[in-house]
Every structure is written in C-alpha cells, then in structure tokens.
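Below is one structure, written out as structure tokens, with a few remarks after it.
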Amino acid sequence: MRYKSGYKEQKRQQLLGISGKIAKENGFNVTGVDTFMKAAGMTSGAFYSHFSSKNDLFNALISAELQHSITMWQNNPYQDAEQWLDFELNRYLSMSHVTQAENGCVLPALATEIARSDLDTRQIYQDEFIKGHQIFAQRLGSEDKAWAVMCQLVGAILMARSMADDRLKMLILESSKNSIKAVLSQNTL
C-alpha cells in the first residue's frame with residue numbers, strides 16, 4: 001500500500017508527541033514500546049519503520065521536546081528582559097505545569113532518566129539544552145544567571161510535584177518566582 005508523501009514523517013511526529021506525553025507522565029524506561037504504539041493507534045511492528053530501537057525513540061523524543069521548549073522561549077512576546085523573564089516565570093512556575101506533567105517541560109519529568117542514559121543520549125540532551133541556555137543567557141545578560149534560573153525553574157517544578165498538599169505546591173512556585181526576581185533585581189536585568 002502506497003502512502004501519500006510525508007505520511008511516514010507525519011506518523012513519526014505523532015508517535016513522538018504521544019510518546020512524549022506518556023513518558024513525561026509515567027516515565028520513559030518503565031513504559032514499553034507496545035504502550036507507546038497502542039496510544040498512537042499503531043501496531044508494535046510499525047515501531048521499527050520509525051525507530052531502530054527504544055533508545056532511538058528516547059533520543060528523538062528528548063530532541064523534539066527540547067526543541068519545543070526552545071521554540072516557546074524564542075516566541076516569548078516580550079523584548080524587555082524583565083518582562084521576558086516575568087512571562088517565563090509565570091508560564092513555567094504554574095500549577096498547571098505541576099499537575100499536568102504530560103503537557104509540560106521534559107526537564108523535570110525525565111532528567112533523572114537522561115542522567116542514567118548512555119553518553120550519546122546525554123550528549124543529545126546537552127546539545128539541545130545549551131541552545132535553550134543561550135536564549136536565557138542572552139535575555140538575562142549572563143550565562144551564570146541563565147544556569148541559575150533554569151536550574152531553579154526545573155527544581156521548583158520537581159519539588160512542587162513531589163508534594164501532596166496543593167498549598168505547599170503553590171508556596172514552592174511563588175517563593176521560587178520571588179527568589180529569582182529578588183536575586184536578579186540586585187544586579188538589574
């Protein structure tokens with residue numbers, strides 16, 4: 001059966017999107033290929049027409065997810081550094097990001113799995129993450145500030161997700177926003 005031009009790539013992108021949601025919600029390593037394929041409405045046998053291995057899927061997923069984050073940071077509607085940062089803090093440090101891991105950033109969801117992965121996977125992650133870091137460094141005027149803010153953002157989401165009490169979740173998010181703003185205001189953006 002012949003498919004229209006671009007069909008295979010469209011299916012691959014669909015599989016990456018669905019796999020990303022499942023992996024961010026449940027974890028990648030504990031989820032089988034059959035689960036990813038069933039969620040995408042595809043047969044398990046079709047998996048190998050898109051990826052050579054589950055690790056190949058993981059690498060493609062990491063790259064696609066980080067590219068999505070980079071696009072969001074690039075499309076922040078503000079040019080002023082302070083407004084840009086406020087927008088990102090409010091977008092990232094939100095209860096919806098805490099409670100809907102499947103729709104959120106790959107970093108707090110899968111960083112520990114990436115850290116345990118092989119060197120090739122960590123290199124893919126690093127290469128894409130550096131692109132995001134460059135955006136933050138440009139906006140904040142400092143590579144050090146960019147590292148500190150990005151790490152605090154990811155850590156705050158991870159810590160908030162770990163709490164049972166919604167009040168504590170909000171406290172973590174709000175205190176992180178305030179802390180980031182206070183530290184950065186000392187050296188003005």
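The values are calculated or read from the model by the stated rules, or taken from the named source; none is laboratory data. All of these numbers come straight from a predicted model, not from anything done at the bench. Note that we place each Cβ from the backbone using ideal geometry, even for glycine, and neighbour counts take in every protein chain shown. For the accessible areas, the whole protein counts, side chains as well, though only heavy atoms, and no ligand, DNA or RNA atoms are used. Shrake-Rupley method; radii C 1.70, N 1.55, O 1.52, S 1.80 Å.
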Every residue from the stretch 20-54 that is in a helix (DSSP H, G or I) and β-branched (Val, Ile, Thr)
ILE22, VAL33, THR35
Conditions (1) more than 18 Å from LEU140 (Cα to Cα); (2) at pLDDT 95 or above; (3) part of a loop (DSSP other than H, G, I, E, B) -> TYR78 fails only (1)
Filter the stretch 25-65 down to residues that are at positive phi and open to solvent by 60 Å² or more (accessible area, probe 1.4 Å), then give me how many there are.
1
Among LEU89, LEU85, LEU15, which is the only one that is over 16 Å from the mean Cα position of the chain (by Cα) and within 19 Å of VAL149 (Cβ to Cβ)?
LEU85
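Kindly indicate which of LEU66, LEU61, LEU158, LEU119 is under 26 Å from LEU15 (Cα atoms) and either at pLDDT below 95 or in contact with a Ser or Thr (Cβ under 6 Å, 6 or more places away or on another chain) (or both).
LEU61
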Can you tell which of GLU174, GLU128 is out of contact with any Lys or Arg (no Cβ under 9 Å at 6 or more places or on another chain), surrounded by 16 or more Cβ atoms within 10 Å (Cβ to Cβ) and modelled with pLDDT of 95 or more?
GLU128
Within the stretch 69-98, count every residue that is under 18 Å from ILE22 (Cα atoms) and in contact (Cβ under 8 Å) with a residue 24 or more places away in the chain.
3
Where the second residue is open to solvent by less than 60 Å² (accessible area, probe 1.4 Å) and part of a helix (DSSP H, G or I) and the first is free of Cβ contacts under 8 Å to residues at least 40 places away in the same chain and of a type in the set (Phe, Trp, Tyr) and lies in the stretch 145-171, which pairs have Cβ atoms under 7 Å and are six or more apart or on separate chains?
TRP147/HIS133
Return the residues of the stretch 100-133 that are part of a helix (DSSP H, G or I), over 14 Å from the mean Cα position of the chain (by Cα) and in contact (Cβ under 8 Å) with a residue 12 or more places away in the chain; say none if nothing qualifies.
ASP120, THR121
Between residues in the stretch 8-27 that are acidic (Asp, Glu) and residues that are in a helix (DSSP H, G or I) and surrounded by fewer than 15 Cβ atoms within 10 Å (Cβ to Cβ), which pairs lie under 7 Å by C-beta distance while being six or more apart or on different chains?
GLU25/GLU102
Can you tell which of GLY6, GLY20 is out of contact with any Pro (no Cβ under 6 Å at 6 or more places or on another chain), of a type in the set (Gly, Ala, Ser), over 30 Å from ASN178 (Cα atoms) and open to solvent by 20 Å² or more (accessible area, probe 1.4 Å)?
GLY6
Do we find a residue being surrounded by fewer than 13 Cβ atoms within 10 Å (Cβ to Cβ) and within 28 Å of SER162 (Cα to Cα) anywhere in the stretch 78-93?
yes
I'd like to verify a number: residues in the stretch 139-154 that are out of contact with any helix residue (DSSP H, G or I) (no Cβ under 8 Å at 6 or more places or on another chain) and assigned to a helix (DSSP H, G or I), how many?
2
